[in-house]
Structures are given as C-alpha cells and as structure tokens.
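The values are calculated or read from the model by the stated rules, or taken from the named source; none is laboratory data. Remember, predicted model here, so these are calculated numbers, not experimental data. Cβ coordinates were reconstructed from backbone atoms using ideal geometry, including for glycine residues, and neighbour counts include every protein chain displayed. Note: areas computed on protein heavy atoms with side chains; ligands, DNA, RNA excluded. Shrake-Rupley method; radii C 1.70, N 1.55, O 1.52, S 1.80 Å.
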Amino acid sequence: NAGVTQTPKFQVLKTGQSMTLQCAQDMNHEYMSWYRQDPGMGLRLIHYSVGAGITDQGEVPNGYNVSRSTTEDFPLRLLSAAPSQTSVYFCASSKEKGTTEQYFGPGTRLTVT
Amino acid sequence: GEDVEQSLFLSVREGDSSVINCTYTDSSSTYLYWYKQEPGAGLQLLTYIFSNMDMKQDQRLTVLLNKKDKHLSLRIADTQTGDSAIYFCAEKGDTNAGKSTFGDGTTLTVKP
C-alpha cells in the first residue's frame, strides 16, 4: 500500500490564482480530512469527508472547496489564492468512526506571493 | 469547542527522560493520541490511549491520563537524538467522525 499520497510537494502561486491539491489513499478508508499547519498554530482542520459524496466544513474552510467523488480521492481546491493561505497542507485518512489512528500524507508546502 | 493545549518547547539531554504534557477540554473525548512529526514529514501516530485507561506503556513510551483533570502526558525514557521532533497531542470523541482536535505541538530538542 502506498498509504496517503499528496501532490505536489511544493507549489508557488501568485495571488488570485487557483489550484487543486491532490490527495489519494489506497487503504479503502472512509474518512478523509485536510489540515493546514502554520507555525505556532498547530494543525487546523479545513474540510473533512465521512465517505464518498459527503463533505463538511472544519475549523477554517473559507477560501477552500473539496469534493469526494470516490473513496480514494479527496482534492482540495483553492479558488483564488491569498498570501494568508501560505502554509503546509496535510491530507489524512482513517478507517472508520472511532478509529485509533489517522494516516497522514507527506504534506504540500504552498507559498502564495 | 474542543481545545487542546501543550507547551511549545522542551529541551533535554540525551539519556534523560522527557515528559511532554497536554491538557484538553472536551470531557467526552474517547481517544487521546500522541503523534510525532519529523522535519519535512507528515505526522505519524506514536501511541494512543482510550479514555477508560489511566496508563499505557509501549517500550520507551509511557502515556499517563488523568481524566478528572483532563491531563495527558507522554514520557520518553532514555531519550535519544533521534527523538528530536514535534510531538502533537490530539483528542477525538466517539461521535466526531474521523475528526481529531490537535494541540499546537511541542518541539523536543535532544542535546548530546
């Protein structure tokens, strides 16, 4: 199993550009989440999904969209990038409600100039 | 909402024990986790404890849970330089489908 994969690893955007961060998992996990990690602010939940076709907002959803058309994929879209979205983005998945563990991808480092 | 707090930094000498502390506010937390993040990498689960336990030991790691005070700690015995990383405390209630609330992380520096 590849686990949770994320692409790209690094990205630089100009303000106003849009892009999609890709996340995929091959463990048949129902639950997937997107977090952003900023210095001194830990991990903050952006959006999450409890299964294909179902998504919900987390703590900091503004400026981001998600969709979950398949169990495997959970892309995160930045609609109009802003410097405040400069961060490291982590995708995570877990097997089921109440599971003991989330599996994290390696992260995407995004810089918006 | 739920909140998880940790001290930001800890520095120890190689061979000493490290104790990383965490407090949380959600009294319905069912699962409490410790994750480790090495530089440039994602988070990896180190250990976890169910809320009906008060201690769990796993090789050099000991997790202590005081549910009354909502206090969780991670003790690393015989700390090595390879243990230098950021350690995140996280909690999840049984109904929070797939979601965990994370602390800000404690940066552990191990000096030789």
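Overview of values
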read-out: The range B:65-88 - residue that is touching a Lys or Arg at 6+ places or on another chain (Cβ under 7 Å) and of a type in the set (A, V, I, L, M, F, W, C) and, of those, nearest to A:GLN102 (Cα to Cα); value: B:ALA85
read-out: Any hit, the range B:27-39, residues being closer than 18 Å to A:PHE90 by Cβ, open to solvent by 80 Å² or more (accessible area, probe 1.4 Å) and among the acidic types (Asp, Glu); value: yes
read-out: Condition check for A:GLN37: in contact (Cβ under 8 Å) with a residue 12 or more places away in the chain and in contact with a Pro (Cβ under 6 Å, 6 or more places away or on another chain); value: no
read-out: Residue satisfying condition, being more than 14 Å from chain A (Cβ to nearest Cβ), at pLDDT 95 or above and touching a Phe, Trp or Tyr at 6+ places or on another chain (Cβ under 6 Å), within set B:LEU74, B:LEU10; value: B:LEU74
read-out: Qualifying positions in the range B:54-112 - among the hydrophobic types (A, V, I, L, M, F, W, C) and open to solvent by 70 Å² or more (accessible area, probe 1.4 Å); value: B:MET55, B:LEU64
read-out: Residue identified as at pLDDT below 95 and either on the phi > 0 side of the Ramachandran plot or assigned to a strand (DSSP E or B) (or both) among A:ALA92, A:ALA24; value: A:ALA92
read-out: Residue count for the range B:15-46, restricted to those that are under 14 Å from A:GLN37 (Cβ atoms), at pLDDT below 90 and more than 10 Å from chain A (Cβ to nearest Cβ); value: 1
read-out: Flag if A:ARG109 is in contact with a Phe, Trp or Tyr (Cβ under 8 Å, 6 or more places away or on another chain), in a strand (DSSP E or B) and open to solvent by 50 Å² or more (accessible area, probe 1.4 Å); value: yes
read-out: Counted residues, the range A:18-46 - those being of a type in the set (A, V, I, L, M, F, W, C), within 13 Å of chain B (Cβ to nearest Cβ) and open to solvent by less than 30 Å² (accessible area, probe 1.4 Å); value: 6
read-out: Odd one out for B:LEU45, checked against (1) more than 23 Å from A:SER94 (Cα to Cα); (2) surrounded by fewer than 18 Cβ atoms within 10 Å (Cβ to Cβ); (3) within 10 Å of the chain's Cα centre (by Cα); (4) of a type outside the set (D, E, K, R); value: (1)
read-out: Filter pass, A:GLU72 being open to solvent by 50 Å² or more (accessible area, probe 1.4 Å) and within 13 Å of A:ALA92 (Cα to Cα); value: yes
read-out: Among (1) hydroxyl-bearing (Ser, Thr, Tyr); (2) open to solvent by 10 Å² or more (accessible area, probe 1.4 Å); (3) under 15 Å from the mean Cα position of the chain (by Cα), the one test that A:TYR89 misses; value: (2)
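Here is a yes/no grid of residues against (1) crowded, with 16+ Cβ neighbours inside 10 Å; (2) touching a residue at least 24 places away in the same chain (Cβ under 8 Å); (3) assigned to a loop (DSSP other than H, G, I, E, B); (4) facing another protein chain (nearest Cβ under 10 Å):
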residue: A:THR5; (1), (2), (3), (4): no, yes, no, no
residue: A:THR15; (1), (2), (3), (4): no, yes, yes, no
residue: A:TYR48; (1), (2), (3), (4): yes, no, no, yes
residue: A:ALA81; (1), (2), (3), (4): yes, yes, yes, no
